[in-house]
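Structure, as structure tokens:
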Amino acid sequence: MAYKLYNAPQSTCSQRVRFVLNAKGLPFAEEKLDLLAGDQLKPEYLAINPNGVVPTLDHDGNIVVDSSVIIEYLDEVASQSSNFTPKDPVKRAAMRSLMRFIDEMPAAAVRVPTFNLAFLPRFAAMSEDEFIAFAESKPLRKEFMLAMGRKGFPQKEMDSAVTRLRRSYERMDESIESSGGPWLLGKDITLADIAVMPAIVRMADLNRESDWADLPRVAKWYELIRAQPAFKPTYYPGSLLTERFPHLRKGAA
């Protein structure tokens with residue numbers, strides 16, 4: 001079986017898929033795209049993923065898009081190795097319900113601080129015409145980009161995103177408590193844990209780890225996910241925003 005992953009090092013959705021591939025010990029070729037340079041909008045990439053986003057998995061010529069779909073696909077086709085989907089149908093339904101919540105809440109909300117704090121200097125340097133052309137070229141994120149603009153999202157939007165993330169941490173805490181933990185659905189790590197992982201890592205990278213400091217179950221969950229053998233190869237050098245954007249580092253002027 002040959003796996004090729006089109007992704008970006010700092011992409012939270014890409015990080016989900018890399019974690020599953022690494023955890024399962026599946027060798028894969030990696031095509032790294034520079035999203036700020038617009039690699040995901042080139043005709044050759046749009047030919048395999050018309051959404052113009054990462055990641056995209058090529059498995060023996062079969063193309064699978066959308067990170068949530070890809071990680072479920074990998075758990076089905078490579079079930080002989082580490083498996084992250086509960087066998088019990090009730091628990092499996094609970095996992096999928098959590099994954100829908102994660103895609104709707106933290107995975108979406110984390111884009112606002114990501115763009116405002118990390119990417120905005122790049123867009124602010126563009127002319128208005130250049131920015132609009134760049135935004136208009138995005139099949140799936142055009143409205144998001146236009147809403148942000150060259151000056152970024154207003155404080156109201158930032159506050160709303162942080163509030164939605166806080167509700168996500170609380171939902172995680174409730175899930176860990178009701179399941180008995182230490183993972184969201186009990187003693188075994190599932191795709192739900194992997195799906196939410198990049199959003200939590202992203203906020204920690206943006207120096208917001210204190211946002212869940214009063215939720216010890218979530219803090220312990222974060223320690224456990226970082227201790228997983230697949231974590232380090234997933235977050236190889238260059239995967240964190242602070243590694244690519246020096247202005248985000250503590251003490252930066």
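Every number here is computed from the coordinates shown, using simple stated rules; none is lab data. It should be emphasised that the depicted structure is a prediction, and the values quoted were computed from it without experimental measurement. Glycine also receives a Cβ, built like all others from the backbone with ideal geometry; neighbour counts cover every protein chain displayed.
Remarks
- Every residue from the range 22-38 that is of a type outside the set (Lys, Arg) and either part of a loop (DSSP other than H, G, I, E, B) or within 18 Å of VAL196 (Cβ to Cβ) (or both): ASN22, ALA23, GLY25, LEU26, PRO27, PHE28, LEU33, ASP34, LEU35, LEU36, ALA37, GLY38
- The range 50-130 holds helices (runs of 4 or more DSSP H) entirely within its bounds, and those carrying 2 or more residues that are more than 13 Å from the chain's Cα centre (by Cα) and either surrounded by fewer than 17 Cβ atoms within 10 Å (Cβ to Cβ) or among the basic types (Lys, Arg) (or both) map to 67-77, 89-104, 120-124.
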